[in-house]
1. How large is the direction-averaged shadow of the alpha-carbon convex hull of the stretch A:1-69, in nm²?
2. Can you give the Kirkwood hydrodynamic radius for the protein assembly as shown, in Å, rounded to one decimal and based on Cα pairs?
3. Provide the gained length on full extension for the span residue A:41 to residue A:27, in nm with one decimal, where the gain is 0.36 nm per separating residue minus the Cα-Cα distance.
4. Give me the Å³ per residue figure for the convex hull around the C-alpha atoms of the stretch A:44-116.
5. Quick check: Cα centre of the stretch A:24-67 to Cα centre of the stretch B:1-44, how many Å?
6. Would you calculate the separation in nanometres between label points at residue A:64 and residue B:14, each defined as 7 Å from the Cα along the Cα-to-beta-carbon direction?
7. Taking just the alpha carbons, could you work out the radius of gyration and Dmax for the stretch B:54-108, both in angstroms?
8. Using the 2.2 N^0.38 Å rule of thumb for compact globular proteins, work out how chain B stacks up: its C-alpha Rg over that value, please.
């Protein structure tokens, strides 16, 4: 079975450019989560969706960040304009149900983003 | 807000030695999940504990959930080079909450 698929795997771009990260969750999973991982801050939840609807975006650092989920099999995380401090590994994860109902999260391979 | 701390932050052990990481939450958890992230990889789900005082084993790994459901531990017996990585605990922020709070992680390195 295919797991969570993220693209691109690596992205290097100059500050000020728009960056779009993509995610395909596991088929049938109703929950989709976007995380950011850095050495300083660890693994942070940015936003999550339930049945394609954004439920909580309180982790999104600034208005420069936006996320969409137009259908059950696709989500994007966009940064515009990008800044060097956005450099991190961005993970997408999906699950059948929320963690409070004892469901694990399945992570994609991540996108390693470097903003110069 | 809820915090989940893990100690130690780093652990270097000789191959064959045992390893333990401890996880402490500032609030009661409905369950605790453990993940492993290999260097350069992504977090991979290992196990989930739900009941107070629960103990589960996976080969050389033993997981415990505290009686008060605020702490947990992972113990690895006779470490191998394949155990290298960062181990994270994670729990829902509050009962019924849909978000996981990940612990700070313990990075394990093995000296061959």
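We did not get these values from a lab; they are worked out from the coordinates using the rules stated. Since we're looking at a predicted model, the values are computed, not measured. So basically every Cβ, Gly included, is an ideal-geometry build from the backbone, and we count neighbours across all protein chains shown.
1. If I average the Cα hull's projected area over directions, I get 5.6 nm².
2. The answer is 18.1 Å.
3. So the extension gain works out to 2.0 nm.
4. Cα convex hull per residue, to the nearest whole number: 98 Å³.
5. When both Cα centres are located, 22 Å separates them.
6. 4.9 nm
7. Over the stretch B:54-108's Cα set, Rg and Dmax evaluate to 12.9, 38 Å.
8. Rounded to two decimals, the normalised Rg is 1.02.
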